[in-house]
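A short write-up of the structure that comes next.
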Amino acid sequence: RNYSFDDKFVNTINTFVNTYQAQLPVEKTVFVNSYFSTLYRDKGDFKKAISYALKTTLIPVKDYDTCLEVAYAFTDLSYCYFSIGNQNLAIEYNMEALHYFNQIQNINGIGAVYNSLAAIYFSSSNYEQAEKYYNKAIACFKEAKDLDNVFEDSKNEKLNELVDSTFNYFNTSGLESPDTKVMIYTCQISSLLRQNKLVEAKKLLMLLNQL
């Protein structure tokens, strides 16, 4: 979903909500909840994003479009809960999204859910499950001919592996080079943040501050 979030367009959506939303069937205005869920998710206001996404999950699923919107709402919920550290709910909502994407045979959506599940399991060091879902995601993206996602999945996994191995080698090598340490630790912190490992990233930041 590609939305515009400039102030003028946000005001236009708010005007529509205040003027027309109550007069229309809920399935005709579901885009409003999807819009604000995405807006607040991207702003990092996960509480508001969750409230809008939950509204979308309650709409009656009558056709392809409503099924797709509900599926996207569950992926938004998964992302929000993963971002605030609730991995169990993130997995639960991903499985809900998978159910709806399967109903409409949306291969890209299915691949995105598998990719999200892989990231969640990777962040909790469950590498076996992470690899399983990464492979499922790549297979879906290949089937959908979504080569950008195929490349990104493979690249991110290999990048994290490379950063981890370099970090571990440096720490066991006995090398004493502050400049090198700052560079390697910075890369490792970035890798941890990509994996939502905020506690581990904070620990390394505290170590860097001691240099």
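Quote the charge dipole size of the range 4-128 about the Cα centre in Debye, to the nearest 20; the model charges only the Cβ of Lys and Arg (+1) and of Asp and Glu (-1).
The dipole of the range 4-128 has a size of about 280 debye.
So which lysines pass the test for Lys203, namely a Cα distance under 17 Å, with those fewer than 8 places away in the same chain ruled out?
Within the straight-line cut-off, Lys203 pairs with Lys181.
Obtain the nm distance between the two label points defined at Phe31 and Lys202 by a simple spin-label model: each point lies 7 Å from its Cα along the Cα-to-C-beta direction.
4.1
Based on the Cβ-Cβ distance from Lys145 to Ser83, what FRET efficiency comes out when R0 is 30 Å, to the nearest 0.05?
Between Lys145 and Ser83 the formula returns 0.50.
Leaving out ligands and nucleic acids, note down the accessible area per residue over the range 1-148 with a 1.4 angstrom probe, in whole Å².
Accessible area per residue: 55 Å².
Could you check how much of the accessible area of the range 2-124 is carbon and sulfur, as a whole percent, using a 1.4 Å probe?
The nonpolar share, carbon plus sulfur, comes to 51 percent.
With each pseudo-label sitting 7 Å past Cα toward Cβ, what's the Phe9-Leu24 distance in nm, one decimal?
1.6
The values are calculated or read from the model by the stated rules, or taken from the named source; none is laboratory data. Fair warning: this is a prediction, and the values are worked out from it, not measured in the lab. Every residue, glycine among them, receives a Cβ derived from its backbone with ideal geometry; neighbour counts consider all protein chains shown. Side chains included, ligands, DNA and RNA excluded: accessible areas come from the protein's heavy atoms. Shrake-Rupley method; radii C 1.70, N 1.55, O 1.52, S 1.80 Å.
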